[in-house]
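Working notes for the structure below.
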Amino acid sequence: MPSNESKPTLTVVGAGLVGSLLSLYLARRGHTVEVLERRPDMRRETLDAGRSINLAISTRGLHALRQVGLEEEALKHAIPMRGRAIHPVQGALAYQPYGKDDSQHINSLSRGWLNQFLMTQAEATGRVRIRFRQRVTQADTAAGTLTVQDEATGETREVRDTVVFGTDGSGSAVRQEFQAHPGFHATQEPLGHGYKELTIPPGEGGRFQMEKHALHIWPRGTFMLIALPNEDGSFTCTLFLPWQGPVSFASLQTPEALEAFFQEQFPDARALIPGLVEEFFSRPTGHMVTVKCAPWHVGGRTLLLGDAAHAVVPFYGQGMNCGFEDCVVLDSLLESRPGWEEAFRAFEQLRKTNADAIADMAVENFIEMRDSTADPRFLLEKGVEKV
Ligand code: FAD
């Protein structure tokens, strides 16, 4: 039997990037917040390889951090990427600057560091309690009731009469419960490609083995490799491949096939990834999905934000950035609107069109990154310099 529990004022489901930042925003408004996170505390335990080791934070995301006084500290750990370095199969690299001068850049940042930093900053407000190994299994989204399972003991309990913020990611359990409401619709479009993370370790004395201030791309048509720099001098590479087909995860089943593929397609990268075979066959292969749904809220009781409301594929580097922008927009609406329901309605009106547009642009940018970046006409148009 689930036991009842006296409720906190607000409940955030998921202490990922968006949930952690949102709880901080809500705490600054004077609310007491309980955050329910199904995973263990990543500050105390090493978790299995997750979504991506590093990610690109752009102006949109930095603005959200600035509003709560965290931009400066985040930037201390970020590596500016001022353009794309395009790696052909053979021949010289090409460099495509992101802007007219170096001030226009994106930043590579460790996902783990950022998530931990946000959780710690949220708790430091004294108003946020993050409870780990707490999986939300059911929700009555109209009543603001959650059924929560303790992953350590298996026991379930209920959190009642709360306002719920569903920031539990692209496979959101909270969103699932919206199905109970007539008129709710959701589409989940999986991409026909998966991804695998590989490592270029630091060189001697911790030096970067490729240009540090660039996002590296090996565009190859139906597939591509990218690499982002890390603070320790390493790069995290992500190989995007179709699931099926002549060149795909299905076709790379043996170390020999993998080795031959890398030697043929990415000879310069191959020389820098000593753990290729071990990493490729031991690390999980990631899935990518676009989620569109509506409505995003049930009255003034439950609201979806971040990937739970609008998961996008990563090729525009805007998933987290958009989720952070959600926090900024909601915060300003909570200031100007008289109640939760009005604020939630206005939030959806403002954000839904933008989120749908980013979702479509992210899919389009996959084609540009894996294909057009290698096109000589494209290089010319973008004013390419050689590096
Ligand atoms: P998540 O990060 O998925 O967090 C959800 C949290 O909820 C998790 O901690 C999870 O454990 C928890 N949870 C899930 N279910 C439950 C439950 N039932 N009960 C309790 N807790 C639960 N975005 C960028 O802006 N820039 C990039 O460069 C970028 N690169 C990317 C690269 C890759 C390969 C991928 C896949 C994505 C990338 N993204 C990037 C997108 C970014 O990762 C997401 O948009 C971002 O993580 C969304 O944050 P979130 O907090 O909404 O969801």
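Using alpha carbons only, how many angstrom separate the centre of region 16-35 from the centre of region 94-129?
Answer, in whole Å: 17.
Ile53's amide H: which non-local residues (gap 5+, or another chain) put their own amide H closer than 5 Å, with H modeled 1.01 Å from N in plane and none for Pro or chain starts?
Amide H to amide H, under 5 Å and 5 or more residues apart or across chains, Ile53 pairs with nothing.
Counting alpha carbon pairs within less than 8 Å and at least 6 residues apart, what relative contact order, in whole percent, applies to the chain?
Numbers: 788 pairs, mean separation 83.4, N = 387.
For the chain, the relative contact order is 22 percent.
Which value does Rg/Rh take for the chain over its C-alpha atoms, Rh per Kirkwood?
0.98
For all pairs of alpha-carbon atoms in region 136-288, what percent lies in each bin of width 10 Å, listed from the first bin to the last filled one?
9, 28, 20, 19, 18, 5, 0
Relative contact order (percent) for region 192-282, with alpha-carbon contacts under 8 angstrom and 6 or more residues of separation?
Reported as a whole number, the value is 32 percent.
Can you list the HN-Hα couplings for region 268-278, worked out from phi with the Karplus curve (6.51, -1.76, 1.60; θ = phi - 60°), rounded to whole Hz and with x for Gly and Pro?
Karplus-based 3J(HN,Hα) across region 268-278 equals 5, 5, 3, 5, 9, 10, x, x, 3, 5, 4 Hz.
When only Cα pairs under 8 Å and 6 or more residues apart are kept, what is the percent relative contact order across region 36-101?
Result for region 36-101 is 16 percent.
Quick test of the membrane-span-like rule: which DSSP H helices of the chain reach at least 30 Å along their long axis (C-alpha atoms) with mean Kyte hydropathy at least -1.0?
Working: long enough: 340-370 (43 Å, -0.45).
Helix filter hits for the chain: 340-370.
If every alpha-carbon in region 230-326 counts as one equal scatterer, what log10 I(q)/I(0) does Debye give at q = 0.10, 0.16, 0.19, 0.22 1/Å?
-0.44, -0.85, -1.01, -1.17
Could you list Tyr316, Tyr95 so that the one with the fewest beta carbons within 10 Å of its beta carbon is first and the one with the most is last?
In order of increasing Cβ crowding within 10 Å: Tyr95, Tyr316.
Which value, in debye to the nearest 20, gives the size of the charge dipole of region 26-105 about its Cα centre, when Lys and Arg are +1 and Asp and Glu are -1 at the Cβ?
180
Assign unit charges at the C-beta atoms only (+1 for Lys and Arg, -1 for Asp and Glu), then state the dipole size of the chain relative to its Cα centre in Debye, rounded to the nearest 20.
About 460 debye.
Stokes-Einstein D for region 192-282 at 37 °C, 0.692 mPa s, Kirkwood Rh over Cα pairs, in µm²/s?
Working: Rh = 13.5 Å.
Answer from the Stokes-Einstein relation: 243 µm²/s.
For region 103-197, what is the convex hull volume of its Cα atoms per residue in Å³?
About 217 Å³ per residue, rounded to a whole number.
If you take the Cα Rg of region 330-369 and divide it by 2.2 N^0.38 Å, with N the number of residues, what do you get?
Cα-based Rg divided by the globular estimate yields 1.61.
Values in this text are rule-based calculations from the coordinates and carry no lab data. Only a predicted model underlies this, so the values are computations on that prediction, with no experimental measurement involved. A quick note on method: Cβ atoms are made from the backbone with ideal geometry, for glycine too, and the neighbour counts reach across all protein chains shown.
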